[in-house]
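Peer 1: Please read through the structure below; I'll follow up with questions.
Every number in this text was worked out from the coordinates using simple rules, so none of it is lab data. Keep in mind that this is a model prediction, so the values were computed, not measured. Note that each Cβ is placed from the backbone with ideal geometry, even for glycine, and that neighbours are counted across all protein chains shown.
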């Protein structure tokens, strides 16, 4: 666990008690802080009580005699608190905690900001921060794999894997690799990365921002918090090109510069070319030898739900790309294969499939599911055969029945999963199970 003496004797509120929230509570308590914690879910509060049986639930208000109070920060006078640590999933643009904290003069922070505050007490280390609309999980895992292949101690965290505060600090010389969503950056004020990376910016999460420009600026703040160090920007879209122009010191990379993906089986497609280009630049900035980078690119196993090769049956490949939750992230998967049976749909983030349109020629037939199914079927019907399947299991059954040797049955939904599944992982697991159930 990462703790800091700087938090001792101070008051914090923690709102949201999923994995990162519980890790935040634990780290603050370990550091000697007083914590007021809350989650609207009774189950989450009960889990905290199980984790911390000495927790007080004696009602709202500040109790200097208790290390931890289970109470809603909205009902508390937060004046004098060091921060309100909120879950990245809480929409701070609309949630009342934002105004309440402001009235009390208390900053909204997240676990990444707490990590930034703790850095001065950790053994000497470096931090790589990676953001972007698409590809940041793969690039984070790839950079972590490259560092580990080079024999350097490393941890991966942020928006991927275990919460960073729950992990054991690295020894001197280690490198932390953080995947950072725009929501996490919004809750961070002092993370000065040694290497900061921006992959791309396309419309997403616009319900959380006052327009696309505000969303793009949330990503750009990763560089604004970085007084020194290396910046890496992939300049494959107009928005990142404009950001790069404002940060002339940044190393510019592009997917078009990567010509040798054939030897990297888990890194196929133009989106992974961008990930490779960014990872190579990061490795160069960290001083990792080129032969270690090449070895790591060849041995990288990939991540579940991201162009994951689930099975091959009778010459038909089944690929789980459930993480593609918007059309811009589905488009590279369509570009990666010439003969596709495409399963798509769910809860749409956009009403169109324009980002995917250049690759409709790779799709032999499409199978729509979920809330977006009827609308997407109408869009696609003018270009290719399409079946409205409703459920993922039915889409797998029909696409597998239509597929021929050499085809790829691809789940790349271009939608969020929340209409039918808990999250994209549950959707990908269901795809894997449906493929396994095929006769």
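Peer 1: Select one label from (i) 38, 27, 20; (ii) 43, 28, 18; (iii) 50, 28, 27: the one whose number is semi-axes √(5λ) of the Cα gyration tensor in Å as derived from the coordinates shown.
Peer 2: From the options (i) 38, 27, 20; (ii) 43, 28, 18; (iii) 50, 28, 27, the structure gives (i).
Peer 1: Using alpha carbons only, how many degrees (0 to 90, rounded to 10) separate the axis of helix 19-30 from the longest principal axis of the chain?
Peer 2: 20 degrees
Peer 1: Does anything in region 88-104 have its amide N under 11 Å from the 7 Å Cα→Cβ label point of residue 418, and if so which residues?
Peer 2: 89-91
Peer 1: 7 Å from Cα along Cα→Cβ at both residue 168 and residue 437: what's the point-to-point distance in nm?
Peer 2: With each label point 7 Å from Cα toward Cβ, the separation is 4.1 nm.
Peer 1: Could you give me D for region 164-278, from Stokes-Einstein at 37 °C and 0.692 mPa s, where the hydrodynamic radius is the Kirkwood radius over C-alpha pairs? Units µm² s⁻¹, please.
Peer 2: In µm²/s, the coefficient is 210.
Peer 1: Please work out whether region 354-407 counts as rounded, prolate or oblate from its C-alpha gyration tensor, where a ≥ b ≥ c are the square roots of the eigenvalues and a/c under 1.5 means rounded, while otherwise a/b larger than b/c means prolate and anything else oblate?
Peer 2: oblate
Peer 1: Decide, for region 325-439, between rounded, prolate and oblate: order the square roots of the alpha carbon gyration tensor eigenvalues as a ≥ b ≥ c, take rounded if a/c falls under 1.5, and otherwise choose prolate if a/b is larger than b/c, else oblate.
Peer 2: rounded
Peer 1: Follow-up. Between helix 270-285 and the chain, what is the angle of the helix's C-alpha long axis to the longest principal axis, kept within 0 to 90° and rounded to the nearest 10?
Peer 2: Orientation of helix 270-285: about 40 degrees from the principal axis.
Peer 1: What is the order of 137, 399, 41, 254, fewest Cβ neighbours within 10 Å to most?
Peer 2: Ordered by Cβ neighbours within 10 Å, fewest first: 41, 254, 137, 399.
Peer 1: Can you give the relative contact order of region 170-273 as a percent, counting alpha carbon pairs under 8 Å and 6+ residues apart?
Peer 2: Contact order relative to length: 24 percent.
Peer 1: Test of understanding: what is the full-extension gain from residue 102 to residue 382, defined as 0.36 nm times their sequence separation minus their Cα-Cα distance?
Peer 2: 95.6 nm
Peer 1: Please list, by residue number, everything in region 358-383 whose backbone N is under 12 Å from a paramagnetic label point 7 Å out along Cα→Cβ of residue 352.
Peer 2: Only 358 pass the distance filter.
Peer 1: Exposure proxy check: 177, 106 ranked by fewest other beta carbons within 10 Å?
Peer 2: So the ranking, lowest neighbour count to highest, is 106, 177.
Peer 1: Also, I was wondering about something else. Under a plain spin-label model, where a point goes 7 Å from the Cα along Cα-to-Cβ, how far apart in nm are residue 79 and residue 303?
Peer 2: Rounded to a tenth, the inter-label distance reads 4.4 nm.
Peer 1: Considering only 271, 247, 144, give the residue with the highest GNM mean-square fluctuation for the chain, with springs between Cα atoms whenever their separation is below 10 Å.
Peer 2: The residue that fluctuates most here is 247.
Peer 1: Indicate the gyration tensor shape class of region 104-237 (rounded, prolate or oblate), computed on the Cα atoms with a ≥ b ≥ c the square roots of the eigenvalues: a/c under 1.5 is rounded; otherwise a/b larger than b/c is prolate and the rest oblate.
Peer 2: oblate
Peer 1: What number, in percent, do you get for the relative contact order of the chain if the mean sequence gap of Cα pairs under 8 Å and at least 6 apart is divided by its residue count?
Peer 2: With pairs under 8 Å counted, the relative contact order is 11 percent.
Peer 1: Counting other C-beta atoms within 10 Å, which of 130, 109 has the fewest, and how do the rest follow?
Peer 2: If I rank by nearby Cβ atoms, fewest first, I get 109, 130.
Peer 1: For region 278-396, what's the relative contact order in percent, using C-alpha pairs closer than 8 Å and at least 6 residues apart?
Peer 2: Worked out over region 278-396, it gives 17 percent.
Peer 1: Report, to the nearest 10°, how far helix 136-149 tilts away from the longest principal axis of the Cα atoms in the chain, using its own Cα long axis and a range of 0 to 90°.
Peer 2: That works out to roughly 80 degrees.
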